[in-house]
Amino acid sequence: MGLGFIMSNDFEIAKKIKGYGSFKGRLSQKEIVCVDNRSVKINVINSLSDYIELICKLNTSFENPIFYRGQKNANFLLNPASLRKNPANENLFIEEFSRHFSNEINECYSAISKLILMQHYRLPTRCLDITENPLVALYFACEKNVSKSEDESWGEIILFKEKSAFDKKIPERLKTDKSSNVSIVANTAFMDEDFSLWQLGAYWKNDANQAFDERFLNLKTIVRDCFIVRVPQNNPRIKNQQGATIVANANYVYLENANSEKMRKKITKCILDYEEDYICYQMLFKKCSFKAKLKINQTWNMRFQKVKPYCDENTIEVFKNDPFNFQKIYYRDCEGNQIVILIPPDKKEKIQNELTHFNITNSFIYPDMETVANKICEYINK
């Protein structure tokens, strides 16, 4: 769960977006704050027993589980590492990694499997690490800060759960690494900062082994979307962490023959505001306001530009505060409140010590030989 590549102004942006305000001396055990017209219930925990009591009250199951993300600083934004500084460099990370480790990359069977491999080696990707194990998330939330300026930071655990967009009573099936929608998002990472629907479609057809062409790609998934993905448990670290991932997308849309700021905003908003969860190129072609600009067999004419997330320069509001539509997968209680867990900085060490009784330690989280060897030396030399 690497949290590198944090922009210098992330903390201030996060305070504004998350709505937590100043933590010190303000938060009660349970407090509800309003963030972007949704209510967020903040639960402050002071011990492992507090945490377990809270977790046992949550609504989860094997078929539709809750996933957890622990962050050592509650002011960290939910922002995939490869998109934090400059989305234009995203595909450069992939190209360089592929050049150095061509054999390993060639063994991957899909775009998402390549991103998961890179994520494992802590390269920046558009994946966010999450876990099905709440104790693992608590460990990450209580990690020590490297920077002295962050000594007083509150830890945070954010909860996620997949929901159906069509019937709120029926849970959406969790996506696997073979999902067509996941393939759309993952292959966007392989694109340049500016790319066409045709280019993305070519990658997607090869990756997902689809008979359909790019005219049937869901434009909403390209413009703004995210998915929880259960990844293959194919290495000790992922197994121990019960790891999963969230893949995310955020892109503006424009037409090559009508590339004005006004048209760019208009067509992007049209896709975002479409009443259904699926809209493809053919469906957009039928809309009167764009028919003169679109050609049914010229999908290269529809182009996308990667969004710099949470940036105030974005002309569309959602790209400033929730660019990836994470709100659709936040876990909510029966009253509709998003659940967030915070850990005071002076309780982190105590909780970490409590976690050791359940073998949730650094050598368990990172079970490679060097980490385990260092832990053995540290234990014996005490």
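On the stretch given as the range 355-382, residues that are surrounded by fewer than 18 Cβ atoms within 10 Å (Cβ to Cβ) and at pLDDT 90 or above total 4.
Taking the range 183-221 as the range and being polar (S, T, N, Q) and closer than 20 Å to residue 248 by Cβ as the test, the residues that pass are 183, 187, 188, 199, 218, 221.
When you scan the range 226-317 for helices (runs of 4 or more DSSP H) that lie fully inside it, which ones turn up with 3 or more residues that are touching a residue at least 24 places away in the same chain (Cβ under 8 Å)?
236-241, 261-272, 281-285
When residue 328 is tested against the conditions (1) open to solvent by 50 Å² or more (accessible area, probe 1.4 Å); (2) within 29 Å of residue 203 (Cα to Cα); (3) modelled with pLDDT under 90; (4) not polar (S, T, N, Q), the lone failure is (3).
Taken over the range 262-283, the criterion of being open to solvent by 80 Å² or more (accessible area, probe 1.4 Å) and touching a strand residue (DSSP E or B) at 6+ places or on another chain (Cβ under 9 Å) is satisfied by 265 alone. With respect to being touching a Ser or Thr at 6+ places or on another chain (Cβ under 7 Å), at pLDDT 85 or above and open to solvent by 10 Å² or more (accessible area, probe 1.4 Å), residue 72 fits the description. From the list 112, 66, 45, 130, the one residue that fits, being over 22 Å from the mean Cα position of the chain (by Cα) and open to solvent by less than 10 Å² (accessible area, probe 1.4 Å), is 45.
The values are calculated or read from the model by the stated rules, or taken from the named source; none is laboratory data. Here the structure is a predicted model, which is why all the values come from computation and not from measurement. When we count neighbours, we look across all protein chains shown, and the Cβ atoms used for this are built from the backbone with ideal geometry, even at glycine. For the accessible areas, the whole protein counts, side chains as well, though only heavy atoms, and no ligand, DNA or RNA atoms are used. Shrake-Rupley method; radii C 1.70, N 1.55, O 1.52, S 1.80 Å.
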